[in-house]
Every structure is written in C-alpha cells, then in structure tokens.
Amino acid sequence: MTYDVLIIGSGPAGLSAAVYAKRAQMKAAVIEKEFMGTGQIALTDEIDNYLGLPGISGYDMGEAFRGHAEKLGVEFIDGEVIGVAKDGGLFTVSLGDGTALESRTVIYAAGAEHRKLGVAGDDLPGVSYCAVCDGSFHRGKTVAVAGGGDTALGDALYLTKLCEKVYLIHRRDEFRANKTVQEKVRECEKIELVLSAKVKEIRGSSKVESIVVDQGGSERELAVSGVFTAIGSVPNTAVLEGLCELEGGYIKAGEDGRTSCEGLFAAGDVRTKSLRQIVTAVSDGANCVDSVEKYLLGE
C-alpha cells in the first residue's frame, strides 16, 4: 500500500496535519514513537496563551488534539523511524522493527529533545526535564531550575506550589520569557534569582545533593534535592541528514513547510523559525497539508 502522506510525529504539528489530511480525504497515517503520544505538550502544567483555551493543562490539550484526530478516523502507526529515503517519486520510511512504509509525500514533525547541561553530574537521579512529572518528589524541599525562557520560568512558578524554595539560575542578567511570567517570578517570595550565572557541576553521591554555579567569577554551592533543566531543545532530525538541507540541526523550510527535498515537508519545532509555540506548530501542520495537496497536483 502506498500512502499519499506519512506524518512523522504525533505532537501538535503532526496531529494538526493529520486532521487536515483526513479532511482532504488523503490516504494518510501518523507514525508515533510513543504509544498514544501527544508530544512534549503533555508535560506542560498550564497553557495560558492558546486562543480560547486559557489555563488549560498541556495534558488535556494534547488529549483534545488527539481525540479530534481519532474522531476523524486518522490511522496511527507505532514505531521509531530510523530512516527516510526517496527513490524516484516515492519515499520509503523505515521503522525500528523492520517495517518499511511507502508514501508519495512525508510531513516530518518529530519535534525536539531536551538539551542537557553538559556538566558533571547531569545524569544523577534528581536531574529532571519535567517539573510536572517529577516536582512532587521534592515536596517541601529546595530545588534549582536552570534556564531563562518561558518553560524555565513556568517550571519555577509551578515548583513553588510544592517546594519550600526554588533557585532560578540563568546565564544572562535578563530573561527571554513572556513579560507577564517574568513579573510573577520576580514577585514570588519562594524564588531566588541567580542571574549572570553558569552551572558548573551537579554534586551528589547517589542522587542530587547540591549544584555549583559560577556567578561573576565567584563559585557558589547551593544545597538542592533536584535540578530542573529548561535550556532549550535539540531537533530530532538525524534521520534526515543527506536528504534535505539542515541549518543548525533544524530543517530549512518556510511557513509552507517545503524543504530542499521535493515531497518532504517540515512542521513544528524541527523547522527553522523564530517562534516555537503550540499555535505555530498547529499552523505548520495545516500549512504542510496545503503544500502537500499542491505538490500532489503538480503545482
């Protein structure tokens, strides 16, 4: 069987593409690495900037997105993509279990992985990339959050509901996060800002016990039970190397999703763009399907 389009990734971009593809009556399927997955959105405590849905949890939003796709009868295939190749006008998508799927087009929406601190101890138990998942393990304790964007500040605020104190460590003296969130962080008595500081080491015998930071050339050791890292992501594009043009690991593509490889389209956090948000991922998915329709018609 040959698909019209195979969508790799089941986050907001992939699910949006699936809905649009199904409504366009295409033979389409979503390939997902995690069973019943909805992407990193599921790890977000609260989303307050998606039009019409203020205060919704990331988990609930992800389930709503997936439920919409399932209601339309979208096909889901569980498996890890280990290769994407093009021969003539057809793509072959290879999965880790040996399955090979054939399609006329591919929408790549595999998202990104959390970037690690890259210091000694960043693999110790107690180092986390999900405050919602692991915050309860540190109830009543002191923790550190590393980062200066929306995710980092949102994590810090969330952790104040559970923890006695939260150190917010950022390598610059200003945050990149939304101004409203910044105000909430600065007004929160439980959060201590550690700015212009770089994480040097995470210490502990069998789990996190402290974190060492370099602040203006002077080292500080902060006693913490956990470290929450929110310093950006690394795009999951290794399988596309040599197939299309990448820029800093991201797929070079405009808002129409078209890549340097004809028939391959990019959506969501894997695409080169300045703003990576749920709303832009959803938009990418829709735009990619529009581009797929035009491509299949020879436009």
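The values are calculated or read from the model by the stated rules, or taken from the named source; none is laboratory data. Given the structure is predicted, the values throughout are model-derived calculations rather than measurements. Every residue, glycine as well, gets a Cβ built from its backbone with ideal geometry; the counts of neighbours run over all protein chains shown.
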For this session: For the range 215-224, indicate whether the set of residues that are modelled with pLDDT under 95, outside any strand (DSSP E or B) and either crowded, with 17+ Cβ neighbours inside 10 Å or not assigned by TED's automatic domain parsing to the domain that holds Ser274 (or both) is non-empty.
Result: yes
For this session: Could you check Gly257 against (1) surrounded by 14 or more Cβ atoms within 10 Å (Cβ to Cβ); (2) within 24 Å of Ala152 (Cα to Cα) and say which number it fails?
Result: (2)
Problem set entry | Pairs with Cβ under 8 Å, 6+ apart, first in the range 202-217 and over 17 Å from Val166 (Cβ atoms), second acidic (Asp, Glu) and crowded, with 16+ Cβ neighbours inside 10 Å | Arg203/Glu209; Val212/Glu201
Exercise. Within the range 192-212, can one find any residue that is closer than 24 Å to Ile41 by Cβ, modelled with pLDDT of 95 or more and buried (at least 16 other Cβ atoms within 10 Å of the Cβ)?
Worked result: no
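Residue-by-condition table, conditions (1) in contact with a strand residue (DSSP E or B) (Cβ under 8 Å, 6 or more places away or on another chain); (2) farther than 22 Å from Gly39 by Cα:
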residue	(1), (2)
Gly73	no, no
Ala110	yes, no
Asp122	yes, yes
Tyr129	yes, no
Val132	no, no
Gly149	no, no
Tyr158	no, no
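Rundown of residues vs (1) of a type in the set (A, V, I, L, M); (2) without any contact (Cβ under 8 Å) to a residue 24 or more places away in the chain, yes/no style:
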residue: Met1; (1), (2): yes, no
residue: Ile8; (1), (2): yes, no
residue: Val19; (1), (2): yes, no
residue: Lys22; (1), (2): no, no
residue: Lys27; (1), (2): no, no
residue: Ile41; (1), (2): yes, no
residue: Asp48; (1), (2): no, yes
residue: Gly52; (1), (2): no, yes
For this session: Test each condition in (1) surrounded by fewer than 16 Cβ atoms within 10 Å (Cβ to Cβ); (2) at pLDDT below 95 for Asp155 and report the one that comes out false.
Result: (1)
For this session: Only residues in the range 92-105 that are farther than 18 Å from Phe76 by Cβ and in the same structural domain as Leu243 (by TED's automatic domain parsing) count as the first member; pair them with residues that are of a type in the set (Asp, Glu) and surrounded by fewer than 15 Cβ atoms within 10 Å (Cβ to Cβ), Cβ under 7 angstrom, at least 6 apart or cross-chain, and list the lot.
Result: Thr92/Glu102
For this session: Kindly list the number of the only condition in (1) buried (at least 17 other Cβ atoms within 10 Å of the Cβ); (2) closer than 27 Å to Thr259 by Cα; (3) in contact with a Lys or Arg (Cβ under 8 Å, 6 or more places away or on another chain) that fails for Arg104.
Result: (3)
Exercise. Is it the case that Glu245 is surrounded by fewer than 18 Cβ atoms within 10 Å (Cβ to Cβ), assigned by TED's automatic domain parsing to the domain that holds Ala152 and either in contact with a helix residue (DSSP H, G or I) (Cβ under 7 Å, 6 or more places away or on another chain) or at pLDDT 95 or above (or both)?
Worked result: no
Exercise. Among (1) at pLDDT below 95; (2) surrounded by 15 or more Cβ atoms within 10 Å (Cβ to Cβ), where does Gly88 come up short?
Worked result: (2)
Exercise. If you check Gly52, Gly39, Gly73, which single one turns out to be at pLDDT below 90 and at positive phi?
Worked result: Gly39
Exercise. Condition test on Gly263, is it assigned by TED's automatic domain parsing to the domain that holds Leu90, surrounded by fewer than 24 Cβ atoms within 10 Å (Cβ to Cβ), within 14 Å of Leu6 (Cα to Cα) and touching a helix residue (DSSP H, G or I) at 6+ places or on another chain (Cβ under 9 Å)?
Worked result: yes
For this session: Kindly list, by first and then second residue, each pair from a residue in the range 250-276 that is farther than 25 Å from Thr92 by Cβ to a residue that is assigned to a loop (DSSP other than H, G, I, E, B) and modelled with pLDDT of 95 or more, limited to pairs with Cβ atoms under 6 Å and residues at least 6 apart or on different chains.
Result: Thr272/Lys252
Seminar exercise, completed: Of those in the range 19-30 that are in a helix (DSSP H, G or I) and not aliphatic (A, V, I, L, M), the residue nearest to the chain's Cα centre (by Cα) is Tyr20
Exercise. Counting just the residues of the range 1-47 that are of a type in the set (Phe, Trp, Tyr) and more than 21 Å from Arg271 (Cα to Cα), which one comes out surrounded by the fewest Cβ atoms within 10 Å (Cβ to Cβ)?
Worked result: Phe35
